[in-house]
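Structure, as structure tokens:
Derivation of every value follows stated rules applied to the coordinates shown; laboratory data play no part. None of the values given here were measured: they were computed from a predicted structure. With ideal geometry, Cβ positions are generated from the backbone for all residues, glycine too; neighbour counts draw on all protein chains shown.
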Amino acid sequence: MDPVRTAIMNNRFTAIVEEASTVLHRTAHTTFVKLVQDYQCALATPEGDIFAYPSQSGVTVFIGLPLQETLDRIGRENFEPGDCYITNDPFFTDGLVTHMMDVTLIYPVFREDKLIAFGWSFVHASDIGGAVPGSISPTFTESFQEGLRVRPIKLFKRGKLNHDAKNIFLDNSRIPNEMWGDFQAMLSAMKSMDKRLNQLCDRYGTDAVEEGMTEVIAFAELKARQVISGIPNGTYSFSDYLEGIEENQHAHITATMTVDGDEIEIDFTGTDPQVAAAYNFIIGDRTHPYVTQALTYYIMSMEPSAPKNAGLLRPIKTKAPRGTVINAEYPAAMGSRVAAGTRVFDVILGCLNQALPHGVMAAGAGMVGIIVANARDPQTGHQRVSVLNPIIGGGGGRNGKDGIDGVDGRSGALKSIPTEVLEVETVMHMRRCHLLADTQSPGQWRGGAALVMEIENTGHEATMTVRGMNRFKFRPWGFNGGFAGKLGEVITNPGRADEKSIGKIRVLHMDRGDVVRIISPAGGGFGNPLDRSPELVLSDVRMGLLSPAVARNAYGVEIADGKVDVDATDALRLTMAGRKEIEAFSYGPERDEYNEIWTPEIRSFLAQTILAMPQSVRNKTIEFVREQLTLAGKQVTRAAVLQSIDDAENYLNGTPHRVAAE
């Protein structure tokens, strides 16, 4: 590897994809792409390894996304100059597409008659058809409900548009013109990358450019291995819960992370089978960035100069059994898969906190709620599907830094939509959007505050969905003495006689004047609150985000006349010290109570036992077992699990079931 050439090529490749990403961003049509920025493009080698990925705009979660399986199935010999394939099929692509709304283009880059690279791009299409506007409801149980699924087909053949392929997508969308505008923006990005890469070949020669592709991947791998080498060898396990729509529908996600020198293996064995809800996703058999994101972010934080490409993932091996919620099988629904992906992030973070001497950070809000409304356009009078805003919630406290208010770092790439745009383009009125006081979870480094959005329908009627809602039952966990975070909540028509707390939004029908208040979760605290600087506590009080009562009760800081009473604070902290045992992880009372019934080991045993059954009976069986044994309220044993599975079989076959064994 020539270090000078590698640095030059990395800078050139990065400039190409950053420019293309900006082109896509500036020419997109839908709000979700041009403002929220749920899109991206990148360059990959002919083998399918991404060697250049942007970071200045768009999402970063797919750094190193594997194209190999899709290219193998299409056949590289079937690509010609001017071609462009389009797909939104997670099953055929084996995880290149992680849910059907991510419409994806694959574009071959030729140098004369030689295939030298592939362009890749996706946009989250705001509507691809399906049973609800926006195509996503967490209540969906099968992919058939989520719109039309299309295997890779040629949108362009040798530069000529395939109108049939175009119309397949447009005829099934509620917003065909806007969606086609996004597709054209992706094509512009692809052509930009094609042009710039060929110009680079003109300047340095094709051989040098191709060698540069492999060298920048190898350089990223080297940087990743250096960071991993700094993590102590060992095996670390952690688990968390993905909350489903129904009561007690908690999907167990667990990982065992083994660090050996400069390599890491992550084994998700023991994770629950795919659920009858839209929280599943698929990653295939290769290491996938959607489940290694926490590790990738840690590597890039420790080595900011590392190229952003597939090399970052090469020292990481993953094992995720087929049929689980994170490696689902046909015909699983996947529209709200962001909730499961976020929980995987928390699980890997929990492993890292055990592996590193001082930890990394507490759990963030753990939710990426995307608010979508369907109503008549105030300008045209036609029905229109619009993304109103993402709502995420405060990040977890970090080792040496507070959590970010209103934003969880895992999803910080998603941007907010200006209220003025929302109110011009939709019938919705944003009555409130603010941080919520006393939701910064206490810790030496506190969590970020929760976010509140209050939205009113000013039109005749509207339908609202919010995908990705979670952390309404189990709090984001705190670390090393930090407090657990805050739960989310949704209230309709607050302050009116018909005010109601409704939990997660499924499909919300709103009449004129109806209001919905969405309160996000908030991340946990990091470290003992009694170790927090009193001046930082005072600063939070002065900002109006912390009450003097919480400053006193959680931090042991006495504030009088707008100042810290040093003597009273010292005395109070001395009294409070030792009252509470410092726990590695603070889960909150809800999860602690659940853990008394279900230990992680028993949940893993249940998952593996169910996964060995035929797919057709897994879901009903695990739902029966979870419900029966949770309601029993006793600590579950392996014998009780096996007995309950027998009861489930009898029940599903129409035979009365027995009481579960103790």
Revision key, fill the gap. At q = 0.21, 0.22 1/Å the base-10 log of I(q)/I(0) from the Debye formula over the alpha-carbon atoms of segment 282-351 is -0.94, -1.01
Revision key, fill the gap. If each K or R counts +1 and each D or E counts -1, the residues other than Ile404 whose Cβ falls under 13 Å of its Cβ total +1
Exercise for review: Kindly give Rg over Rh for segment 327-409, based on alpha-carbon atoms, with the Kirkwood expression for the hydrodynamic radius.
Suggested key: 1.16
Point to revise | segment 361-528: relative contact order in percent, alpha carbon pairs under 8 Å with at least 6 residues between | key: 30
Exercise for review: Report, please, the projected area of segment 377-522 averaged over directions, based on the convex hull of its C-alpha atoms, in nm².
Suggested key: 9.2
Practice item. Determine how many Å³ per residue the convex hull of the Cα atoms of segment 589-652 encloses. Key: 76
Revision key, fill the gap. The residues Ser143, Ser386, Ser188, sorted from fewest to most surrounding Cβ atoms within 10 Å, come out as Ser188, Ser143, Ser386
Practice item. Taking the Cβ of Ile282 as the centre, find all other residues whose Cβ is under 13 Å away and add up their charges (Lys, Arg: +1; Asp, Glu: -1). Key: -2
Exercise for review: For the chain, give the magnitude of the charge dipole about the Cα centre (Cβ charges: +1 Lys/Arg, -1 Asp/Glu; no others), in debye to the nearest 20.
Suggested key: 640
Revision key, fill the gap. With only helices counted (DSSP H, runs n ≥ 4, each -39500 (n - 2.57)), the per-residue ellipticity at 222 nm for the chain, to the nearest 500, works out to -10500 deg cm²/dmol
Review point. What ranking do Glu215, Glu69 get, fewest neighbouring Cβ atoms within 10 angstrom at the top?
Key: Glu69, Glu215
**Study point:** Along each principal axis, Cα extent of segment 16-144, largest first, Å
**Key:** 47, 31, 24
Check your understanding: So what is the relative contact order for the chain, in percent, with contacts set as C-alpha pairs under 8 Å and at least six apart?
Key -> 12
**Study point:** the chain - Debye-derived log10 I(q)/I(0), Cα point model, q = 0.08 Å⁻¹
**Key:** -0.61
Check your understanding: Rounded to the nearest 0.05, what FRET efficiency is calculated for Ile582 and Asp113 with R0 set to 41 Å and r the Cβ-Cβ distance?
Key -> 0.05
Review point. In debye, nearest 20: dipole of segment 361-528 around its Cα centre with unit charges on the Cβ of K, R (+) and D, E (-)?
Key: 620
Review point. Which pairs break 21 Å Cα to Cα here: Lys114/Lys157; Lys223/Lys308; Lys34/Lys154; Lys317/Lys620; Lys160/Lys195?
Key: Lys34/Lys154; Lys317/Lys620
Review point. If you rank Cys433, Cys41, Cys201 by fewest surrounding Cβ atoms within 10 Å, what's the result?
Key: Cys433, Cys201, Cys41
Practice item. First measure r as the distance between the Cβ atoms of Glu627 and Ser501, then evaluate 1/(1 + (r/R0)^6) with R0 = 30 Å and state the FRET efficiency to the nearest 0.05. Key: 0.85
Review point. Which angle between 0 and 90 degrees, to the nearest 10, do you get for helix 206-229 versus the longest principal axis of the chain when only C-alpha atoms count?
Key: 10
Exercise for review: Over the alpha-carbon set of segment 3-223, work out the extent along each principal axis and list the three values in angstrom, largest first.
Suggested key: 54, 33, 29
Check your understanding: aspartates and glutamates within cross-link reach of Lys319: Cα-Cα under 15 Å, excluding same-chain residues under 8 positions apart?
Key -> Asp94, Glu263, Glu265, Asp267, Asp272, Asp285
